[in-house]
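Beneath this line is the structure, given in structure tokens, with notes to follow.
The values are calculated or read from the model by the stated rules, or taken from the named source; none is laboratory data. Given the structure is predicted, the values throughout are model-derived calculations rather than measurements. Neighbour counts are summed over all protein chains in view; Cβ atoms, including those assigned to glycine, are modelled from backbone coordinates with ideal geometry. All accessible areas refer to the heavy atoms of the entire protein, side chains included, with ligands and DNA or RNA removed. Shrake-Rupley method; radii C 1.70, N 1.55, O 1.52, S 1.80 Å.
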Amino acid sequence: MAKEPVRVLVTGAAGQIGYALVPMIARGIMLGADQPVILHMLDIPPAAEALNGVKMELVDAAFPLLKGCTGVNIAVMVGGFSRKEGMERKDVMSKNVSIYKSQAAAPNYKVLVVANPANTNALILKEFAPSIPEKNITCLTRLDHNRALGQISERLSVPVSDVKNVIIWGNHSSTQYPDVNHAKVQTSSKEKPVQFISTVQQRGAAIIKARKLSSALSAASSACDHIHDWVLGTPEGTFFSMGVYSDGSYNVPSGLIYSFPVTCRNGEWSIVQGLPIDEVSRKKMDLTAEELKEEKDLAYSCLS
Ligand code: NAD
Ligand code: LMR
């Protein structure tokens, strides 16, 4: 029997990530090849014509899984402004956090915040939308996670599918801690995948420098991976990184949206518990938590 369609909202759908993301959703990459989807695409009035162009292209692509629309189950919130060369992600704070405050009327569905500063936008959404269960509000650090997998694969010359369980701790920013201490790599190489932390931390800036635009195809693809694993589950023995509301695990202060290793079952994520944390890691995890606290204060000062 055909499945009931799932309704997916994409904000900022006329932008570059939106343009890469909506065909992936319509093709079944996010929710599966047998899952019909209804797409809601939201943007601001100046982008109306461009958004209509995206809609026309979706019709022209004749995606069999794509249906007509009402109501929403999943929201991928890309809407906002991106940083330019030389800016940090928190430099777009004042414009973007107010968007996430105003969109906090969102009802009870699974939310992935992509727009930067992603962790803090998600926190603002959570704090101004108390009716949404905190477990339903997440932010994208899967892009950093996938970047870490890609770097290890390149450095050790192994297929990316042979690399598992890297962790991105903390903020989707240059203070994030890409941690390989728990990674599993199928390789005979004795070389350790070191010296890659700053490459992963700075990858977003390197892409802006090269493209003069921020990452879009990798961001869209990672957003699909994030929702796919959240809804359909993580493979046995595998975890991935997700920005979620801290419950104090690993002594990360609660009240922050922080990236942790998670597994997913039956549409629910859980933080992987009990991983040993050495002193070097502890310092890096605390540093990125400190930055998130500062961003939270800055966000509230932008909103007041
Ligand atoms: P873009 O400028 O191409 O598109 C953004 C779209 O958002 C535009 O169409 C704009 O009109 C729309 N928009 C602005 N305000 C809005 C509002 N209030 N409601 C709905 N839509 C609104 O930018 P992009 O390259 O698609 O990037 C979008 C965001 O994602 C940026 O903040 C970027 O920094 C961030 N990003 C995050 C990650 C991540 O891993 N978390 C990765 C890449 C980009
Ligand atoms: C990225 O990581 O590519 C995005 O967050 C865009 C940026 O500003 O770096």
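Please enumerate the residues belonging to region 1-55 that are farther than 19 Å from Ala220 by Cβ, part of a helix (DSSP H, G or I) and either open to solvent by 90 Å² or more (accessible area, probe 1.4 Å) or in contact (Cβ under 8 Å) with a residue 60 or more places away in the chain (or both). Break it down into steps so the answer makes sense when it comes.
Narrowing region 1-55 to residues farther than 19 Å from Ala220 by Cβ: 1-5, 34, 36, 44-46, 48-49, 52.
Now restrict to residues that are part of a helix (DSSP H, G or I): 45-46, 48-49, 52.
Pro45, Pro46, Glu49, listed by residue number.
Report yes if Glu134 is of a type in the set (Asp, Glu) and within 16 Å of ligand 2 (Cβ to nearest atom), otherwise no. Outline the logic, then answer.
Working: of a type in the set (Asp, Glu): yes; within 16 Å of ligand 2 (Cβ to nearest atom): no.
When the stated conditions are applied, Glu134 does not pass them.
Regarding region 86-101, can at least one residue be identified that is closer than 22 Å to Asp144 by Cβ, open to solvent by less than 30 Å² (accessible area, probe 1.4 Å) and basic (Lys, Arg)?
yes
Checking Leu156 against (1) hydrophobic (A, V, I, L, M, F, W, C); (2) out of contact with any helix residue (DSSP H, G or I) (no Cβ under 8 Å at 6 or more places or on another chain); (3) under 26 Å from Lys296 (Cα atoms), which test does it fail?
(3)
Hey, does region 64-75 have a residue that's at pLDDT 90 or above and either assigned to a loop (DSSP other than H, G, I, E, B) or more than 25 Å from Met242 (Cα to Cα) (or both)?
The first filter runs over region 64-75 and keeps only residues at pLDDT 90 or above, leaving none.
No: zero hits.
Do we find a residue being over 29 Å from Glu294 (Cβ atoms) and not assigned by the TED database to the domain that holds Met24 anywhere in region 195-208?
As a first pass, look at region 195-208 and keep what is over 29 Å from Glu294 (Cβ atoms): none.
No: region 195-208 contains no residue that is over 29 Å from Glu294 (Cβ atoms) and not assigned by the TED database to the domain that holds Met24.
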